[in-house]
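Undergrad: Mind looking over this structure? Questions follow.
The values are calculated or read from the model by the stated rules, or taken from the named source; none is laboratory data. Bear in mind that the values here come from a model prediction, so they are computed numbers and not experimental data. Virtual Cβ from ideal backbone geometry, glycine too; neighbours counted across all protein chains shown.
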Amino acid sequence: SLPRELGNHPDTGKPILAGLGRFGPYLLTDGKYTTLRNDDVLTIGINRAVAVLAEAKAPAKAAEPIRTIGKHPENNADLQIFEGKYGPYIKFGKVNASLPRDADVNTFSLEEAIALIEKKSATPGGKKKSAPKKKAAPKAEKAVPKAEKPAAKAAKPKAKKA
């Protein structure tokens, strides 16, 4: 019956379970699920399960800097160069400034980086504020009463059907 216990993990000592779930076959150990892609839940052994768990994708790590340029003179925070989706950029606190296309990552100086960061932090960027909502048009004052309407005519009686 599933889920079935394969044995204890050699490193952690926690049990390894193999089961069939909503999204297909899986391995469970220490509260972490791993998808079984090419193995059968009913025939997988402890050795193969440990190998599959070891191959499981590790969580994504934060980007590592290509190079640390130096410390900012005002607050001694690091100025670092990272490789991004749209090319290299300098990171200083929460401010990211793209390097010019002709700039070389290995020879970019601290002074050039400080100038880029100051230029980027001086320009208002980021989230744009939405346009202010228009105020409602002022209500028109009560119109001057027109001549009174004549009384409604009396309703005609309906014709009888023969």
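Undergrad: So which residues in the stretch 1-30 are part of a loop (DSSP other than H, G, I, E, B) and either at pLDDT 95 or above or over 17 Å from Ala54 (Cα atoms) (or both)?
TA: Ser1, Leu2, Pro3, Arg22, Phe23
Undergrad: For the stretch 42-64, enumerate the residues that are basic (Lys, Arg), within 32 Å of the chain's Cα centre (by Cα) and either surrounded by 11 or more Cβ atoms within 10 Å (Cβ to Cβ) or more than 30 Å from Asp78 (Cα to Cα) (or both).
TA: Scanning the stretch 42-64 gives a single hit, Lys57.
For (1) in contact (Cβ under 8 Å) with a residue 40 or more places away in the chain; (2) buried (at least 17 other Cβ atoms within 10 Å of the Cβ); (3) farther than 14 Å from Ala56 by Cβ, each residue gets a yes or a no:
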residue	(1), (2), (3)
Arg4	no, no, yes
Phe23	no, no, yes
Thr29	no, yes, no
Lys32	no, no, no
Asp40	no, no, yes
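Undergrad: Can you name the residue in the stretch 31-56 that is out of contact with any strand residue (DSSP E or B) (no Cβ under 9 Å at 6 or more places or on another chain) and in a loop (DSSP other than H, G, I, E, B) and, of all such residues, is modelled with the highest pLDDT?
TA: Thr43
Undergrad: Moving on. Of the residues in the stretch 71-114, how many are touching a residue at least 40 places away in the same chain (Cβ under 8 Å), surrounded by 14 or more Cβ atoms within 10 Å (Cβ to Cβ) and not in a loop (DSSP other than H, G, I, E, B)?
TA: 2
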